[in-house]
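Shown next, in structure tokens, is the structure this report addresses.
The values are calculated or read from the model by the stated rules, or taken from the named source; none is laboratory data. This structure is a prediction, so every number in the text was calculated from the model and none was measured. Ideal geometry is used to build each Cβ from the backbone, glycine not excepted, and the neighbour counts take in all protein chains shown.
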Amino acid sequence: MLKTLAIIIGILFISANIAYANNDSFNLPEEKINPGSTLYPLKRLSEKIQSKLIFSKVRNVNFQGDLVERRLLELNFIVKNKYLSSLEYSSQRFSAQAGVFIDGLDSLENKDSGTTLQRFSNYEDILNNLRDQFPANSSQWLLLQQNIDTLNILSEKIS
């Protein structure tokens, strides 16, 4: 039973790996499995299992930070490929994951806020570019603007 569980977890971990390819839009790496893919629910399950199996607080916070970047790459994929039906959920996942990351970072004694602030600034630049692919005040524009606003609020929380 334990061996079977280990094999299943191993398969899930492999399915969640990031495959980097050049993305012409914003010169970002591209996720291998994105929203809309039949494997996407397995990827999300794998991420949740990984999160539960990381017992070090610092490593878990770092993992949560990596998940924020994955959600950003998924947003980039959705905008680039015009999969607008997935934009709302992906936007919500991005903001929620950023919040989880900051909550975890806040719980650490030795936190590197400067690196996170720089990271969020870079994300904001990318989100501005994604947002500007849509007409101002359209629903897509507003969703991406909410992501930018979330990053600003979270940045204030840790600065």
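Can you tell me which condition Asn110 does not meet? The list is (1) surrounded by 15 or more Cβ atoms within 10 Å (Cβ to Cβ); (2) out of contact with any Asp or Glu (no Cβ under 9 Å at 6 or more places or on another chain), and all the others hold. Only one criterion is unmet by Asn110, namely (1). Annotation: of all residues in the range 54-69 being in contact (Cβ under 8 Å) with a residue 40 or more places away in the chain and more than 17 Å from Glu124 (Cβ to Cβ), the one that is surrounded by the fewest Cβ atoms within 10 Å (Cβ to Cβ) is Lys57. Among the residues of the range 106-130, the one identified as modelled with pLDDT under 95 and of a type in the set (A, V, I, L, M, F, W, C) is Leu108. Screening Arg131, Arg119 for residues that are surrounded by 16 or more Cβ atoms within 10 Å (Cβ to Cβ), out of contact with any Leu (no Cβ under 7 Å at 6 or more places or on another chain), at negative phi and of a type in the set (Lys, Arg) leaves exactly one candidate, Arg119.
Conditions (1) in contact with a helix residue (DSSP H, G or I) (Cβ under 9 Å, 6 or more places away or on another chain); (2) in a helix (DSSP H, G or I); (3) within 23 Å of Arg44 (Cα to Cα), marked per residue:
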position: Val79; (1), (2), (3): yes, yes, yes
position: Ser90; (1), (2), (3): yes, yes, yes
position: Ala98; (1), (2), (3): yes, yes, yes
position: Asp106; (1), (2), (3): yes, yes, no
position: Pro135; (1), (2), (3): yes, no, no
position: Gln140; (1), (2), (3): yes, yes, no
position: Asn152; (1), (2), (3): yes, yes, no
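Residue pairs whose Cβ atoms lie under 7 Å apart, sitting 6 or more positions apart in sequence or on different chains, and linking a residue in the range 76-88 that is in contact (Cβ under 8 Å) with a residue 40 or more places away in the chain and within 11 Å of Asn34 (Cβ to Cβ) to a partner that is in a helix (DSSP H, G or I) and small (Gly, Ala, Ser), are Ile78/Ser86; Ile78/Ser90. Glu47 passes every criterion in (1) part of a helix (DSSP H, G or I); (2) at pLDDT 50 or above; (3) farther than 14 Å from Glu69 by Cβ apart from (3).
So, Ile78, is that one at pLDDT below 90 and either at negative phi or acidic (Asp, Glu) (or both) or not? I'd like the intermediate steps shown before the answer.
Working: at pLDDT below 90: no; either at negative phi or acidic (Asp, Glu) (or both): yes.
It is false that Ile78 is at pLDDT below 90 and either at negative phi or acidic (Asp, Glu) (or both).
Quick check on the range 131-148. Is at least one of its residues hydroxyl-bearing (Ser, Thr, Tyr) and modelled with pLDDT of 95 or more? Yes - at least one qualifying residue is present in the range 131-148.
Taken together, Glu124, Glu156, Glu109 contain a single residue that is of a type in the set (Asp, Glu) and in contact (Cβ under 8 Å) with a residue 12 or more places away in the chain, which is Glu124.
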